[in-house]
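Inspection log for the structure reproduced underneath, given as structure tokens.
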Amino acid sequence: MQIFKNKTNYDFMGKSRTFAIVSTLAVVGSVLVTLIWQPRFGIDFIGGTEIQVEFKDSKATVANIRSVLKKMGFAGADVVAFGSSDTEYLIRLREVSRINDEQKSKIKSALKNALGDTSMIGFEFSPGGDKLTVKLKSDMSIADVETAARNAGLDLAGITDTVDETDQAEEDNSRKCESSTCRLVVKEQYVFEISLNGVTEQVMASFRAHPWGKDAVKMRSEWVGAKVGEQLRTAGISSILYALIFIMVYIAFRFDLRFAPGAVIALIHDILITLGIFTVLRIEVTLATVAALLTIVGYSLNDTIVVFDRIRENMAASKEVKLLSVINRSLNETLSRTIMTSVTTLLAVLALYTIGWKTSLRDFSFALVIGVIVGTYSSIYVASPVVVWFDRFFAKKEKA
Amino acid sequence: MERKWLWRVIVLVLLIGISVTASITTVIRAPKGEDEQDKVAALRDLFPGINLGLDLQGGLRMIYEVGVEAAIEDKRDHIAESIVHELGETAKIKNVKAIGARDNNYQFDLVFPDAKSMKSDKAKEVLKDYRRIAVETSESASTVHMELKPEIVKETEEMSIKQAVETISIRIDNMGWANTSVIPRLANRDIIVQIPGINEAEISRIKRIIAQTARLELKIVDDKGTAEFFKTGAMKEKIAALADDKDSPISLHQEPGTGHYYLSAKNQLRGKSGRQLIQDFLEGVEFPENREISYQEQQGKDAAGNPTADVTWRTYYTLKVAGITGEYIDQAAVAFSQDSGKPYVSLRFNQEGAGIFAQLTGENVKERMAIILDGKVQSAPVIQEKISGGNCQITLGRADARDNLLNEANDLVIVLNAGALPAPIKPVTESTVGPQLGQDAIDMGILAFEIAIIAILLFMLVYYKGAGFAANLALVCNGVFIVAILSGGGATLTLPGIAGIILTMGMAVDANVIIYERIREELRGGKSPRAAVDAGFKRAFWTIFDAQITTFIAGVVMFQYGTGEIKGFAVTLLVGIVTSMFSAIFISRLVLDFMTRHRSDQLSI
């Protein structure tokens, strides 16, 4: 079987002007949309909490879950049906801790009053809000500290397991753990580490307090602090930049310097349009999206290079001077290959998308679907025309 | 020509044979029957098998930030104090005060009683001795402003992260978890902790234990008591039963030379740690007053004494009450023996600790002393004589090569200082995956893989007929090769990693498509099938190479920058690119050559 029985002779380059307008509009549109609406970044880039919960009761509706979260004080909580069962949801919160700065200072002054104003020399919440470290100048019992913490409005983690430290504690007074607090003595300071319930535990407890949520099962949870989010964001952006630079160097080295801009402009075109579509559809941009973008870069370039390779070969073989017609011929010669590879890759990516759309791979495989389509388009209608234009531009310059 | 043909077939058969063997450890997860178990276990030494990532088997992943600022401040205060001490001892200048800067953690002031003493040669001499660590920046009246050298700050920073890693690893091991990983990222000043298979109820407990401060204990080993302990009561019965039970993971040993008894057990693969196994074995044994079993983790050795991948645990019969604890340690450091140049660990106790230590060693000459960190024995040297003055040396006799000794000494210093100098850590990211979700993901991955590969196989067969069959054969072999390489390298498979394999399946046929389209062109140009195949492969090679290398570059960048799950995707993508190029060029060539060899006048393509 063959898609094209005979040698094709489509005039790709003749229509390049029309498609250049389409591509430019798409890219400009994508950039505008991305800048104005902002992509929806996932928690791994901006910090936040994600909990996947399966309820066993059909009364666990999005509305019910939302109202629980609203009562807990989570603004802008996001609840979507997700996963393999009908009552499974993915909950996204912007917060990693329920305690805001104002509450922190309230708790601090309440604890100061209870524990003795002059005694308290240290007070620090962990970034996840699940550990409070209090340093005191004079000693206190764990029970007293815990009572003071509860009175100040803290939600102490119910750890009943005191580990196998009980017998040690009698002989050695330097560290002691009871219920949810550990007391240690460091350099004549008395340090109390109080374990608190984190956001995830608190949300689960709130669900379980309702009849429809009492059998709720936590399938997955994740929280990312703002600082880590920032690191990941930088790493994501620099990885795409590095990939582009390395690839440009490789093409300039293996082919010809005038091919490199065409390939790179095609790649940027693919990345920006994918990002634009993600922004319009309000799909989360996560680390996995960055991985998908890098794969698209590789894939789209794969297509482009096969075309370039043929252009190079044809230019060497024939003495034809007109770059335009060489490119047109090369595009025609590689057309069935371009379509074939896109079809097999699409088959794989679509299988992934249709089967995996209930898992965390949904957005990832969706990005790949877009990438394969846009990448195939760009290697024909973006990369090659740009090579021609650059060629003309330099030719004019030389003449001048 | 005929010979070359034979070689190619032999190479292919060998490769497939090796790959299928390498995949066994991954495909057979739970071997049935003893015979099969032994065979799979033997294979594991060569091909460790694919590990499942946290997203596929469930578990906890946390990132802890290490409070390096506090560690640097501690270091600064410590150095300032020791300069003051030195000024008092050597230069006889008393009453110098050390004041740490308030707005940073690396500068401090030395306040002398008067300008004269500050300017004295003796004082200068002392400060000169410290220039390797801290330098004078300026002077005013009777005060010298000092700061730590940047390399010392950096070293302290890295040291505190390594200490934290060591401490966390020991803690998790002590809780009996196997296959855990604790990875420091020095640049980010944080540590990634991964514990597979942990459930929701255990998470808050493990989080609290990880965040605690380290604890060092020195306990006297009661070697002489082992004879009685192993031969009385419940222990006697258990030991007797052990002799009859050939399959028990526990084994009884005698110390060479002295004949003292101890037990050991190997860590089970994907199961209990050796320590847990021994603890289970000792269930119900009553210990005499003030006696207990302490555990040491050891690297396995084969008959020739070379280290193997196994980890074993052994017991020490020790006193229950610690002779001295880490609270009395002033500082531990690596030092080198004057005559032999061999590294050892020098330990300095504070004044109170020195007295306790002198008494302890004096009363137990020729006994062994177990150095225990968080309940895990690090080493158990013999006390040679009473040690007074608060300084103690821990010589390391086991490793022979100097580098090994140095590594061991460095490790011990990390461990000892971990007890003495805790660097506070705090979690900055946490993710947990339930076991059910992981299983769902695996099922999904396998189904998507099956659908994708069947669709591609059918498509290629319909479109390229006979040559399509060759490509399909290459594709199936490619799948086997990918699994084999991942399995042989003991790689970690994540959900995105499965996606990577599926995507590679789709892209793998690209090489074949390039070749086949080329062959068709050559055929149209009037070449004979055999010549067309030759030309097609020859001319397509560099195109394939150039095209694949770009995805390869993207994969390498992804691997460099990605976190756990993305890394898994990058790995399968990279492996897939290499194997698919090989399969397309080598295997389908072989089949096409075979097809055109006998019927050189026609080719089904």
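Laboratory data are not the source of any read-out in this text; all were calculated from the coordinates shown. Note that this is a predicted model, so its numbers are computed, not measured. We place every Cβ from the backbone using ideal geometry, glycine too, and count neighbours over all the protein chains shown.
Express in whole angstrom the spacing between the alpha-carbon centres of the range B:327-376 and the range A:248-266.
Result: 64 Å between the Cα centres.
Report, in degrees rounded to the nearest 10, the 0 to 90 angle that the Cα long axis of helix B:564-582 makes with the longest principal axis of chain B.
Long axis of B:564-582 versus the principal axis of chain B: about 40 degrees.
Rounded to a whole number of µm²/s, how large is the Stokes-Einstein D of chain B at 4 °C and 1.567 mPa s, given Rh as the Kirkwood radius over C-alpha pairs?
In µm²/s, the coefficient is 44.
Give, as ranges by residue number, the residues of the range A:73-92 whose backbone N falls under 18 Å from the point 7 Å along Cα→Cβ of B:GLN436.
Within reach of a label on B:GLN436: A:80-91.
Within 9 Å, Cβ to Cβ, of A:ILE121, how many net charges do the neighbouring residues add up to if Lys/Arg are +1 and Asp/Glu are -1?
Neighbour charge sum, excluding A:ILE121 itself: +2.
Using the Karplus curve 6.51 cos²θ - 1.76 cosθ + 1.60 with θ = phi - 60°, work out ³J(HN,Hα) for each residue of the range B:337-352 in order, rounded to whole Hz, and write x for Gly and Pro.
Result, ordered by residue: 5, 4, 7, 9, x, 7, x, 9, 9, 9, 10, 10, 8, 6, 4, 4 Hz.
Near B:SER431, within a Cβ-to-Cβ distance under 11 Å, what is the net charge of the other residues, with Lys and Arg +1 and Asp and Glu -1?
Summing Lys and Arg as +1 and Asp and Glu as -1 gives -4.
Quick one: if the Förster radius is 45 Å, what FRET efficiency do A:ILE237 and B:ILE99 give, using the C-beta to C-beta distance and rounding to 0.05?
The calculated FRET efficiency here is 0.55.
Given an 8 Å cut-off on Cα distances and at least 6 residues of separation, report the relative contact order of the range B:298-351 as a percent.
In percent, rounded to a whole number, it is 23.
Round to a whole angstrom and tell me the spacing of the C-alpha centers of the range A:45-117 and the range B:524-596.
49 Å
Excluding A:LYS399 itself, what net charge comes from residues whose Cβ is under 14 Å from its Cβ, given Lys and Arg +1 and Asp and Glu -1?
Overall, the nearby charge balance is +1.
Is there a simple number for the mean count of other chain Cβ atoms within 10 Å of the Cβ of residues in B:455-463, and what is it?
3
Let me confirm one metric for peptide B:436-449, namely the mean number of other chain beta-carbon atoms within 10 Å of its residues' beta-carbons.
5
Using θ = phi - 60° and the Karplus form 6.51 cos²θ - 1.76 cosθ + 1.60, what ³J(HN,Hα) does each residue of the range B:287-300 get, whole Hz, x for Gly and Pro?
Each residue of the range B:287-300 in turn: 9, x, 4, 6, 10, 7, 9, 10, 10, 10, 8, 9, 7, x Hz.
Rounding to the nearest 10 and keeping the result within 0 to 90°, find how far the Cα-based axis of helix B:495-524 lies from the longest principal axis of chain B.
Long axis of B:495-524 versus the principal axis of chain B: about 30 degrees.
Given the DSSP H assignment, sum -39500 (n - 2.57) over each helix run of at least 4 residues in chain A and divide by its residue total; what's the result at 222 nm in deg cm²/dmol, nearest 500?
-18500 deg cm²/dmol
Check every DSSP H run in chain A and write down those whose alpha carbon atoms cover 27 angstrom or more along the long axis and whose mean Kyte-Doolittle hydropathy is 0.0 or greater.
A:16-37, A:226-254, A:260-280, A:287-317, A:335-356
Determine the gain in length on full extension of the stretch B:ASP302-B:ARG44; use 0.36 nm per residue of separation and subtract their C-alpha separation, reporting nm with one decimal.
That works out to 91.3 nm of additional length.
For peptide B:507-518, how many partner chain Cβ atoms fall within 10 Å of a residue's Cβ, on average?
Averaged over the peptide's residues, the number is 6.
Bin width 10 Å, alpha-carbon pairs only: give the P(r) of the protein assembly as shown as whole percents, running from 0 to the bin holding the largest distance.
Result, from short to long distances: 2, 9, 16, 18, 18, 15, 11, 7, 3, 1, 0 percent.
Please determine, in degrees from 0 to 90 and to the nearest 10, the orientation of helix B:68-89 with respect to the longest principal axis defined by the Cα atoms of chain B, where the helix direction is its Cα long axis.
Once rounded, one gets 30 degrees.
Quickly rank B:136-147, A:46-57 as a protection proxy: mean count of other C-beta atoms within 10 Å, highest first.
So the peptides B:136-147, A:46-57, ranked by packing, come out A:46-57, B:136-147.
Over chain B, what relative contact order in percent results from Cα pairs under 8 Å that are six or more residues apart?
Over chain B, the number comes to 18 percent.
Let's see if you can work this out: charge +1 on each Lys and Arg Cβ, -1 on each Asp and Glu Cβ, no other charges. What is the dipole magnitude of chain A about its Cα centre, in debye to the nearest 20?
2420 debye
So, in Å, what gap is there between the alpha-carbon centers of the range A:123-150 and the range B:490-520?
55 Å
From Cα pairs below 8 angstrom and at least 6 apart in sequence, can you work out the relative contact order of chain A, rounded to a whole percent?
Normalised by residue count, the contact order of chain A is 23 percent.
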